[in-house]
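Enquirer: Got a structure for you, questions after.
The values are calculated or read from the model by the stated rules, or taken from the named source; none is laboratory data. What you see is a predicted model; the values in this text were computed from it and never measured. Note: ideal-geometry Cβ built from the backbone for every residue, glycine included; neighbour counts use all protein chains shown. Just the protein is used for accessible areas: all its heavy atoms, side chains included, with ligands, DNA and RNA removed. Shrake-Rupley method; radii C 1.70, N 1.55, O 1.52, S 1.80 Å.
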Amino acid sequence: MGNPEASRGRREQRRGPVVRRHGQMQAGTTDQHLLDTRGTADWVHEDPFRVLRIQSEFVEGFGALAELPPAISVFGSARTKPGSPDYEAGVAIGNGLVEAGFAVITGGGPGAMEAANKGAMEAGGISVGLGIELPFEQGLNPYVNLGVDFRYFFVRKTMFVKYASGFVVLPGGLGTLDELFEALTLVQTKKVTRFPIVLFGTAYWRGLLDWLENTLVAEGKVSAVDLQLFHITDDVEEAIGVVTKEAGT
């Protein structure tokens, strides 16, 4: 057994759940450090403070979106040009989703995102934009009537899935593929259920489907049944019908 007298004589410092002893002890008290305005502001760039920022983003996102009606997230390239077939499809999809009783959620940027928000707003629905802090991108597009800007991708991605009943994925780049495969993984692993995913534009997505079939399935990396996790179409009404019917089951 240890020496109780030695234990009592050991110097110890407690700060909340943290115990510091010997060379790990710090001068002053927690209140003193809080109220002392001297010193650097380096702490605002350190991980413990970042945790609070992350927490605040979750709180703001949950608070802003908690009372949304059933919603569908629409993804697609920020580089889609106004007036292009993909842009007009986005407008029609946003419009049709609102008419089917759903809010529309996008990343809030230009291109295909703007198109879906435009269609939703013009149909008199809730048009949500979940923006992200990037070094090269713009703010929320003018067709968003409920917007939240995020610092952290993973917080934003949580909102896309948590407050949506399904995805419609227009032609897009790496960000679009990121959201698509995140959703596919969540459905495959049953982290979410009854979550329809529609890929719009058969010509655009054909190469991806061929690779999934001829490489991933052929080599046993995924099961053939995993290809049933999504639906591909060129028809706006079909896309809306699939995503809203499955989302409502």
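Enquirer: What is the gain in length, in nm to one decimal, between residue 158 and residue 46 on full extension, counting 0.36 nm per residue of separation less the C-alpha to C-alpha distance?
Expert: The span from residue 158 to residue 46 would gain 38.0 nm if fully extended.
Enquirer: With a sphere of radius 13 Å drawn around the Cβ of residue 178, what net charge do the other residues whose Cβ falls strictly inside it have (Lys, Arg +1; Asp, Glu -1)?
Expert: Values: positive: 156, 157; negative: 179, 182.
Local charge sum for residue 178: 0.
Enquirer: Based on the alpha-carbon gyration tensor of region 55-160 and its eigenvalue square roots a ≥ b ≥ c, which shape applies: rounded if a/c is under 1.5, prolate if not and a/b is larger than b/c, or oblate?
Expert: oblate
Enquirer: Which one of 20, 206, 156 has the biggest mean-square fluctuation once the chain is modelled by GNM with Cα springs under 10 Å?
Expert: Greatest mean-square fluctuation among the candidates belongs to 20.
Enquirer: Now, a different point. Skip the ligands, DNA and RNA, and give the accessible area per residue of region 40-110 with a 1.4 Å probe, whole Å².
Expert: Normalised by residue count, the accessible surface of region 40-110 is 51 Å².
Enquirer: A further question follows. Please compute the contact order of the chain in relative form: average sequence separation of alpha-carbon pairs under 8 Å and at least six residues apart, divided by the residue count, as a percent. Show your work: numbers first, answer last.
Expert: On the way: 389 pairs, mean separation 40.1, N = 249.
Relative contact order for the chain comes out at 16 percent.
Enquirer: Quickly work out the residue 225-to-residue 193 label distance, labels modelled 7 Å from Cα along the C-beta direction, and quote it in nm with one decimal.
Expert: Each label point lies 7 Å from its Cα, and together they span 1.5 nm.
Enquirer: Can you tell me the order of 208-216, 72-80 when each peptide is scored by its average per-residue count of other Cβ atoms within 10 angstrom, highest first?
Expert: My ranking of the peptides, most packed first, is 72-80, 208-216.
Enquirer: With labels modelled as points extended 7 Å from the Cα through the Cβ direction, what inter-label distance (nm, one decimal) is found for residue 26 paired with residue 235?
Expert: The two pseudo-label positions are separated by 6.4 nm.
Enquirer: Once you charge only the Cβ atoms, +1 for Lys and Arg and -1 for Asp and Glu, what is the size of the charge dipole of the chain about its Cα centre, to the nearest 20 debye? Please list the in-between numbers first.
Expert: On the way: 23 positive and 30 negative charges, 299 e Å.
The dipole of the chain has a size of about 1440 debye.
Enquirer: Follow-up. At q = 0.22, 0.27 Å⁻¹, work out log10 I(q)/I(0) for region 210-249 with the Debye formula, treating every Cα as an identical point scatterer and leaving solvent out; two decimals please.
Expert: -0.73, -0.83
Enquirer: Let me ask another. Sorted from largest down, give the three principal axis spans of the alpha carbons of the chain, whole angstrom values.
Expert: 80, 46, 34
Enquirer: Let me ask another. With a 1.4 Å probe and every protein chain kept in, tell me what percent of the accessible surface of the chain is carbon plus sulfur.
Expert: Numbers: 7750 of 14340 Å².
After summing per-atom areas, the C and S share lands at 54 percent.
Enquirer: Pick out which of 222, 104, 91 has the largest mean-square fluctuation in a Gaussian network model of the chain, springs linking Cα atoms closer than 10 Å.
Expert: 222
Enquirer: Considering the chain as a Gaussian network with a 10 Å cut-off on Cα pairs, which listed residue, 45, 231, 22, attains the greatest mean-square fluctuation?
Expert: Looking only at 45, 231, 22, the biggest GNM fluctuation is shown by 22.
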